[in-house]
Amino acid sequence: MRTLRLLSAVALAVALMAPPAARAEFPERPITVVIPLGAGGSHDLHARGITPILSEILGQPVVVSLVPGGAGMKGTTQVAKANPDGYTIIFTHNAFDQLTPQTRKVEFDPKTAFKSIARINANEPMLAARAGVPYKTLAEMIDYAKKNPGKVNIGHTGVWGVGFVPTMQLIKAAGIKVNIIPHQGGGPAMRAVLAGEDDMTFGFATQYRPHYKAGKLVPLGIAGDKPLKDDPDFKDVKTMTQLGFPGVDFTMDRIFMAPAGVPADRLEKLRKAFDELNKKPAYHAFLKNIGEKIDYMSGAEYDAYRTKRMQQFADLIKEVGSK
Amino acid sequence: MLATLGQSIELLLRWDIYLYISAGLIVGMFVGAMPGLTTILAMAVLLPISFKLEPMLGIPFLIGVYKGGIYGGSIPAILVGIPGTGASIATTFDGPPLTRQGKGRKALEMALFASVIGDVLSDILTLLLIGLIARIILLIGPPEVFAIIIFSLILIASVSGESGLKGAIAACIGVGLGFVGTESVDGEARMTFGIAALVGGIPLIPLVIGIFAMPEVLEAVESRAKSFINEAVDPSKSGEPLRWHEFKRSIRTILRSTVIGTGIGMVPGVGQVVAAFIGYSAAKRASKHPETFGKGELDGIAAPEAANNAVNGPTLVPLLTLGIPGDNITAILLGAFVAHGLRPGPQIFNEQGALIYAILIAAVLANILFVVLAYLLLKPFAKAIQLPKAYLVPVILALAFVGTLSTGSASDLGIMMVAGICAYILKKLRYDLAPLIIGFILAEPIELRLSQSILYARGDNLTFFFIERPIASFFLLAGIAWMVGMIYVRYRRRPGEAMVP
């Protein structure tokens with residue numbers, strides 16, 4: 001009896017003292033992906049396709065946790081303050097990551113709180129008007145807005161959101177006076193255009209496609225300088241640069257990030273997993289199904305790009321914020 | 001059209017579709033019945049499974065989870081007064097009194113039949129009138145939504161509890177709590193008192209659990225009775241099923257609520273919660289014995305349950321015809337459609353008509369399956385409530401904590417407990433808590449829709465609301481008329497007399 005007790009005590013001590021050799025292999029428990037956005041949006045949709053494949057690569061379940069609210073800052077703060085062990089990461093976009101935190105008081109330093117894991121893809125928003133407005137091109141619209149100050153309604157996806165920035169850039173560059181209407185996301189902004197409440201909005205090609213085909217939308221221009229060359233429906237739409245407004249330039253990056261303190265080997269492992277994800281045919285098939293493209297950028301590349309963008313956004317806020 | 005329908009019916013002649021729907025219904029019902037676990041969460045978790053299935057299985061499976069979840073939310077609402085979802089808050093008026101009278105099973109079954117009838121009729125109406133509904137939905141913009149919400153709040157405050165005034169005060173407290181956190185237009189944080197947990201606003205789930213579960217638990221401890229069911233009730237009679245003559249009396253109420261629910265389903269975002277209350281207040285007004293409402297009236301179960309399920313049909317319309325989801329649940333369905341390569345929008349009925357009609361018909365058939373499944377599954381729930389309180393109260397309390405933690409953080413537990421203690425005090429002061437939570441839920445849309453409307457009005461608000469937007473004007477004037485009517489009734493009757501709005 002006594003020997004038994006002694007043996008079990010020794011066994012216990014050994015078990016407790018054993019170096020966590022078997023546990024050293026990251027990841028050894030499920031990984032949580034926080035999305036600072038609501039259910040059913042494009043990030044949610046992307047994540048539903050990405051996480052099952054990522055689970056196979058990492059050998060651990062990857063679980064999505066939706067934490068919307070506070071203009072994206074609730075979920076962002078949660079990850080910024082999470083234990084940087086690599087088990088909590090965030091799937092967000094560049095406006096929430098690099099722009100919004102500079103416009104208000106937040107509890108983390110946006111410049112140093114995160115390390116990029118990967119950029120999945122990027123989209124340039126497109127300005128489109130409802131059919132039935134008395135203009136067919138950007139120049140005609142600007143002309144009309146100048147003759148009827150305050151009569152044109154432009155909807156956007158929310159203050160400092162993805163549709164807000166190009167809207168403000170265009171209004172400034174064109175020197176027009178319009179009525180700016182906020183909505184909560186791209187869906188409601190789209191509805192308002194189709195209902196005839198708003199005259200135009202900035203949105204994305206996948207969202208516009210069915211309505212454009214039905215003749216309900218008139219595309220006016222794509223933000224930035226990259227035309228949608230491969231798009232069957234929108235390949236001829238001019239970019240804002242081509243139309244003489246190079247300042248109307250915004251790209252939404254869909255990015256995975258980790259809290260900055262994550263050990264280098266774990267970060268490397270996560271980045272490698274995404275490199276591998278990007279090679280999987282199942283992943284490409286999923287993106288094709290949801291009508292999205294691939295603009296992969298590795299974490300290290302995006303980190304360099306991100307620092308540059310942050311400074312540009314700081315200038316942008318000054319420019320847009322001053323009326 | 002007929003050829004398309006023929007093809008749809010061919011698609012439906014497979015037994016495995018019904019197997020998946022049944023699985024969805026059962027999962028949904030159990031998740032819905034757990035306070036804190038929402039239907040939305042269940043659908044989001046199960047969405048990847050539906051990706052792996054073909055569309056004819058995956059989408060009906062998700063619709064099953066949704067329908068099961070909405071009904072599941074009514075189970076704790078009826079038995080212990082804790083709504084599992086926002087849609088079942090109005091069911092807490094008459095559910096617990098019926099349970100105490102030993103009629104818990106009758107109430108659960110009435111809720112089941114009313115839900116299913118409301119849902120089926122509204123689905124059929126939607127299928128027949130889809131073109132018309134799609135056009136009406138585009139007419140309901142920010143000023144209309146604002147006016148309808150204000151009208152509903154007035155109605156909700158007036159039907160709840162003993163005094164319309166206390167209902168109105170509770171609703172205003174709720175709206176005030178709803179303003180805490182990030183402002184809906186400019187996104188600035190306000191009224192957070194520097195508490196980080198409040199920046200995103202007071203989270204709904206801990207608030208609902210705190211407000212409904214905690215007072216219930218405290219009151220159960222306070223009263224020394226051994227069981228939730230009154231001791232005067234003959235135990236052999238408790239747990240009896242619903243009889244035909246009892247159901248027959250509520251048919252008119254169910255039909256009325258179905259029409260109300262289908263109408264309100266066209267208002268984006270706020271549909272189910274508001275529909276349930278308006279259905280309830282309409283039933284109370286039309287009843288020959290309105291004084292029995294709130295004291296254990298089967299009509300008071302039938303009315304909100306039929307109305308909140310009748311919302312389901314029209315909420316699918318913006319998703320299918322515009323490709324724009326009206327709420328979180330249809331947003332998840334959009335995810336399922338798109339992942340299967342189906343892009344809802346103006347052309348989907350031309351391109352994929354047979355499949356879409358087949359999915360819609362499967363949604364209707366899901367209801368019939370649900371009657372059978374739920375009828376069999378209800379008994380244990382109704383039986384469980386007969387257990388002594390000494391076992392039930394700790395279980396409810398544990399569920400309240402687990403439910404709060406399952407979707408939130410530790411700070412949510414604090415919010416739940418503070419809300420619970422405040423709610424207990426308010427309840428002791430004879431305030432009704434349902435208008436409070438409704439006010440809380442509607443605060444954000446009120447602010448957003450009003451801000452948008454003012455921007456559209458370009459400085460001339462009165463002309464905009466009352467002349468340019470006739471639908472908005474109708475609801476605002478109806479709300480004012482209702483309030484004037486209530487005040488008139490209150491002053492004509494002597495104080496102390498029961499007031500029936």
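Taking first residues from the stretch B:319-338 that are without any contact (Cβ under 8 Å) to a residue 24 or more places away in the chain and partners that are among the hydroxyl-bearing types (Ser, Thr, Tyr) and buried (at least 23 other Cβ atoms within 10 Å of the Cβ), the Cβ contacts under 7 Å between residues at least 6 apart in sequence or on separate chains come to B:330/B:315.
The numbered conditions (1) of a type outside the set (Gly, Ala, Ser); (2) within 11 Å of chain A (Cβ to nearest Cβ); (3) over 25 Å from the mean Cα position of the chain (by Cα) are all true for residue B:230 except (2).
Rundown of residues vs (1) surrounded by fewer than 19 Cβ atoms within 10 Å (Cβ to Cβ); (2) small (Gly, Ala, Ser); (3) under 22 Å from residue B:446 (Cα atoms), yes/no style:
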| site | (1), (2), (3) |
| --- | --- |
| B:234 | yes, no, no |
| B:249 | yes, no, no |
| B:254 | no, no, no |
| B:266 | no, no, yes |
| B:274 | no, no, yes |
| B:322 | no, no, no |
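Is at least one residue of the stretch B:324-340 open to solvent by less than 10 Å² (accessible area, probe 1.4 Å), within 14 Å of chain A (Cβ to nearest Cβ) and in a loop (DSSP other than H, G, I, E, B)? No: the stretch B:324-340 contains no residue that is open to solvent by less than 10 Å² (accessible area, probe 1.4 Å), within 14 Å of chain A (Cβ to nearest Cβ) and in a loop (DSSP other than H, G, I, E, B). Here B:225, B:283, B:276 are screened, and the one residue that is outside any helix (DSSP H, G or I), away from chain A (no Cβ under 14 Å) and of a type in the set (Gly, Ala, Ser) is B:225. Do we find that residue A:173 is assigned to a helix (DSSP H, G or I) and within 11 Å of chain B (Cβ to nearest Cβ) in this structure? Judged against the criteria, residue A:173 is not a match. Screening residue B:192 on (1) in a loop (DSSP other than H, G, I, E, B); (2) surrounded by fewer than 17 Cβ atoms within 10 Å (Cβ to Cβ); (3) in contact with a Leu (Cβ under 9 Å, 6 or more places away or on another chain) shows it passes everything except condition (2). Taken together, A:262, A:320 contain a single residue that is within 14 Å of chain B (Cβ to nearest Cβ) and either within 16 Å of residue A:118 (Cβ to Cβ) or touching a residue at least 60 places away in the same chain (Cβ under 8 Å) (or both), which is A:320.
For (1) at the interface with chain B (Cβ under 8 Å from one of its Cβ atoms); (2) at pLDDT 85 or above; (3) in a loop (DSSP other than H, G, I, E, B); (4) open to solvent by 50 Å² or more (accessible area, probe 1.4 Å), each residue gets a yes or a no:
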| residue | (1), (2), (3), (4) |
| --- | --- |
| A:50 | no, yes, no, no |
| A:53 | no, yes, no, no |
| A:60 | no, no, yes, no |
| A:86 | no, yes, yes, no |
| A:118 | no, yes, no, no |
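Within the set B:156, B:173, B:169, B:137, the sole residue that is more than 14 Å from every other protein chain (Cβ to nearest Cβ), under 25 Å from residue B:263 (Cα atoms) and in a helix (DSSP H, G or I) turns out to be B:156.
Each residue in the stretch A:265-295 was checked for being open to solvent by 60 Å² or more (accessible area, probe 1.4 Å) and in contact with a Ser or Thr (Cβ under 6 Å, 6 or more places away or on another chain), and 0 of them qualify. If you go through the stretch B:92-104 and keep only what is crowded, with 24+ Cβ neighbours inside 10 Å and of a type in the set (D, E, K, R), you end up with B:94, B:103.
Scanning the stretch A:177-200 for residues that are β-branched (Val, Ile, Thr), surrounded by 20 or more Cβ atoms within 10 Å (Cβ to Cβ), more than 7 Å from every other protein chain (Cβ to nearest Cβ) and more than 19 Å from residue B:319 (Cβ to Cβ) gives a single hit, A:178.
If only residues of the stretch A:154-170 that are closer than 26 Å to residue B:329 by Cα and part of a strand (DSSP E or B) are counted, the one that is farthest from the other protein chains (Cβ to nearest Cβ) is A:156. Within the stretch A:232-243, not a single residue is open to solvent by less than 10 Å² (accessible area, probe 1.4 Å), closer than 27 Å to residue A:118 by Cα and in a loop (DSSP other than H, G, I, E, B).
Taking the listed residues B:256, B:343, the one that is of a type outside the set (A, V, I, L, M, F, W, C) and more than 14 Å from chain A (Cβ to nearest Cβ) is B:256, with no other qualifying.
The values are calculated or read from the model by the stated rules, or taken from the named source; none is laboratory data. Values in this document were obtained by computation on a predicted structure and should not be read as measured data. For neighbour counting, all protein chains shown are included, and Cβ atoms are generated from backbone atoms with ideal geometry for every residue, glycine included. Please note that ligands, DNA and RNA were not included when accessible areas were found on the heavy atoms of the full protein model with its side chains. Shrake-Rupley method; radii C 1.70, N 1.55, O 1.52, S 1.80 Å.
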